[in-house]
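Here's the structure we're looking at; comments come further down.
The values are calculated or read from the model by the stated rules, or taken from the named source; none is laboratory data. No experiment lies behind these values; they were computed from the predicted model shown. Reconstructed Cβ throughout: ideal geometry from the backbone, glycine too, with neighbour counts over all protein chains shown.
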Amino acid sequence: MAWEKAVGLVVTMATKATLITLNNGKKIPVLGFGTWQVFENEFDSYALWWTKMFLFSQFLCNSVSSSYCRKSEPGVVKKAVEDAIDAGYRHIDGAHIYGNEKEVGAGIRNKIAEGIVKREDLFITSKNTLADLGLDYLDLYLIHWPFAFRDNGGQFPMKDGKADVLDVDVTETWKGMEECVKLGFAKSIGISNFNSEQIKKVVNSATIKPVTNQVECHPYLNQKKLREFCKQHNIVITAYSPLGNPGSKFNAPGTPNILQDTKLNELAKKHGKSVAQIILRYLIDIGTVPIPKSVTKTRIEENINVFDFKLSPEELAYVDSIDRNLRTCAFDTVKGLPNYPFAIDY
């Protein structure tokens, strides 16, 4: 396809993956393994408070799905990462806020120690820390959101029923991101949940351009305008929540389950694939990098087995037609506050 020629598609058969070239010449696998919504151990008192606040205010929707409301047995996250690497994933996406980076890092280090992969074979994305991962550098470091919380010891401080955010110019934050590259802590830097105006602000001030914008993207929110805008700036879209967070207890009542969509099920039957595989193939074919999450080995393996078929232009248009502009991660308690990203069309 045209986008593949534009970004330079490379096939790596040994890992069941393909790579695309970022605007700085680095390569990123077009399918990643997401690690959010998988908590690694007991809640501390703040995490418990945070969960209650989200239940009350629907604060972050899909970022605190039912997985945040229960314990994962120790080792579950590590095992999921190990299974993902064994299945052929070489792109692992994490963040400090997911609360599981120690186990993510342990899984990565175990597979390196076993000789299954080398560190240079992997593409590791995060939004905060090297220490918990136990790594010397990140392949991609992201600003998780375009707004800044007040630093008062909590991850999501609240004030008068709203998130307590500061009116910090994101270009100042970006200077710090660029310094991380210069110091060797990150090979590439990017953004997440930024709208077109916020992207322009960063690009116009940057000496090192963002290589990716990680946003919610799935057939019910296909982000066509934002994708086209990012393509103009040679910024790759990474798609979080690629399967639309089906069944999340934080979805609004009546939120449709994308995996039950009639058109997607028709395509799945036609290709002999699961609906999840159809969605992931669609997202790859339109030029995004989906990062599905699972702790179930069979699903982890299923999600990466999407490189033996493609959707036709007619089928891609068919999937395009089911877009509903359905955002499951709207961060409602930041609405009306400085730098809220979803106040404009894209």
### Message
So Ser188 ticks every box in (1) touching a Ser or Thr at 6+ places or on another chain (Cβ under 7 Å); (2) crowded, with 21+ Cβ neighbours inside 10 Å; (3) among the small types (Gly, Ala, Ser); (4) closer than 19 Å to Pro146 by Cα but one. Which box is left unticked?
### Response
(1)
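Rundown of residues vs (1) assigned to a strand (DSSP E or B); (2) farther than 13 Å from Gly34 by Cα; (3) touching a residue at least 12 places away in the same chain (Cβ under 8 Å), yes/no style:
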| residue | (1), (2), (3) |
| --- | --- |
| Ala80 | no, no, yes |
| Asp83 | no, no, yes |
| Ile92 | yes, no, yes |
| Val104 | no, no, yes |
| Lys111 | no, yes, yes |
| Glu120 | no, yes, no |
| Ile124 | yes, no, yes |
| Thr129 | no, yes, yes |
| Tyr141 | yes, yes, yes |
### Query
In segment 295-343, what residues are farther than 21 Å from Pro246 by Cα, assigned to a loop (DSSP other than H, G, I, E, B), among the aliphatic types (A, V, I, L, M) and modelled with pLDDT of 95 or more?
Leu311
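Looking at segment 161-206, which of its residues are of a type in the set (A, V, I, L, M, F, W, C), part of a helix (DSSP H, G or I) and closer than 26 Å to Lys225 by Cβ?
Val170, Trp174, Met177, Ile199, Val202, Val203
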### Query
If you scan segment 110-136, which residues turn out to be closer than 26 Å to Ala239 by Cα, at pLDDT 95 or above and not hydrophobic (A, V, I, L, M, F, W, C)?
Lys111, Lys118, Arg119, Glu120, Asp121
### Message
Suppose we keep only residues that are part of a loop (DSSP other than H, G, I, E, B) and of a type in the set (Ser, Thr, Tyr) within segment 207-226. Which one would you say is surrounded by the fewest Cβ atoms within 10 Å (Cβ to Cβ)?
### Response
Thr207
### Message
Which pairs turn up if I take residues in segment 265-280 that are in contact (Cβ under 8 Å) with a residue 24 or more places away in the chain and surrounded by 20 or more Cβ atoms within 10 Å (Cβ to Cβ) and look for partners that are outside any helix (DSSP H, G or I) and among the polar types (S, T, N, Q) with beta carbon separation below 8 Å, at least 6 apart in sequence or on another chain?
### Response
Gln277/Asn305
### Query
For segment 287-322, how many residues are in contact with a Pro (Cβ under 6 Å, 6 or more places away or on another chain), within 16 Å of His271 (Cα to Cα) and aliphatic (A, V, I, L, M)?
1
